[in-house]
Amino acid sequence: MEAGDVSGAATDAQGHGDALAAPQLLRFADLSVRVGAPVEVGEVGHGTRRVIPILGGTCTAREWTAPVLPGGADFQLIVNERVARLEARYVLETDAGDRICVHNDALRTAAPEVMVRLIRGEPVAPNDVYFRCAPRFEASAPSLTWMMERVFLGTGVRRPNDVVMRFFEVM
C-alpha cells in the first residue's frame, strides 16, 4: 500500500464491507418548533446577534413523540449578508415523561436578498436557503442514552412562525 492510500484498510479483519464507505442516514425525527419575535442584541464585533425565543412545538421520533417545551431559545449570529450561524437549545418531553435536552448547531445561507427577507420574518422558498444542522442530545432515561453515543444531521426550513426540521441518525 502506498503512502496516503487507505484503500487496503477499507475492509475489516473479517473481510466485511468497506469500513470507509460514506455513512448511511436513517430518519430519526421530525420537529416543528414555534418561535417568537427576535430579541435584537445588535452588532457584537463578529456579526449581529439576535435571540429567538422557542415557544413550543412537536417532535415525532421513530419510537416516541414529544412536545417541545417552551423556554428554549435560538441564539443567532448573522455573520454577513449571506450567512447565519444558529445555536438552538431546548427541551423535549417524551410521551413517557422522559426529558431530552437538545443542542442544535446550524448553518443557514442564502442570497443576500433572501436572507434579508428571512431576517424580517417573511416567507421564502425553502429551496432558496441552505439550512443544515447537527443536533446533539442529552438524556438521563436509560432507554434514551444511546442518543448521546451517535451523530445526527438534519435539514431545516424557516417559516415566519416556526422552524421545521428533519433529523437523521448517521449510521
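Bear in mind that the values in this text are calculations on the coordinates, not laboratory data. Just so we're clear, the structure is a prediction, and the values are computed from it rather than from any experiment. A quick note on method: Cβ atoms are made from the backbone with ideal geometry, for glycine too, and the neighbour counts reach across all protein chains shown.
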Exposure proxy order (Cβ contacts within 10 Å, fewest to most) of Met147, Met165, Met171: Met171, Met147, Met165
Most fluctuating residue given options Leu25, Leu107, Leu92, as computed from a GNM of the chain linking Cα atoms under 10 Å: Leu25
Sequence-distant residues sharing a close amide H with Thr65 (under 5 Å, placed H): Asp95
³J(HN,Hα), Karplus 6.51/-1.76/1.60, whole Hz, each residue of region 72-81, x for Gly, Pro: x, 7, 10, 8, 9, 10, 7, 6, 7, 5
Placed amide H near Gly57: partners under 5 Å, 5+ positions off or other chain: Arg34, Val68
Given charges at Cβ of Lys, Arg, Asp, Glu: the chain dipole, positive-most of Phe137, Pro67, Leu25: Pro67
Hydrodynamic radius by Kirkwood, which averages 1/r over all alpha carbon pairs of region 22-170, in angstrom: 15.8
Loop trypsin sites (Lys or Arg not before Pro), region 47-86 (other Cβ atoms within 10 Å of the site Cβ: 14 or fewer; DSSP): Arg62, Arg82
For region 32-43, 3J(HN,Hα) per residue [Karplus equation, 6.51 cos²θ - 1.76 cosθ + 1.60, θ = phi - 60°, Hz, x = Gly/Pro]: 10, 10, 7, 10, x, 5, x, 9, 7, 8, x, 5
Per-residue ³J(HN,Hα) for region 140-146, Karplus 6.51 cos²θ - 1.76 cosθ + 1.60, θ = phi - 60°, Hz, x for Gly and Pro: 9, 5, x, 6, 10, 5, 4
Distant-in-sequence amide H partners of Arg159 (H built 1.01 Å from N, under 5 Å): Val164
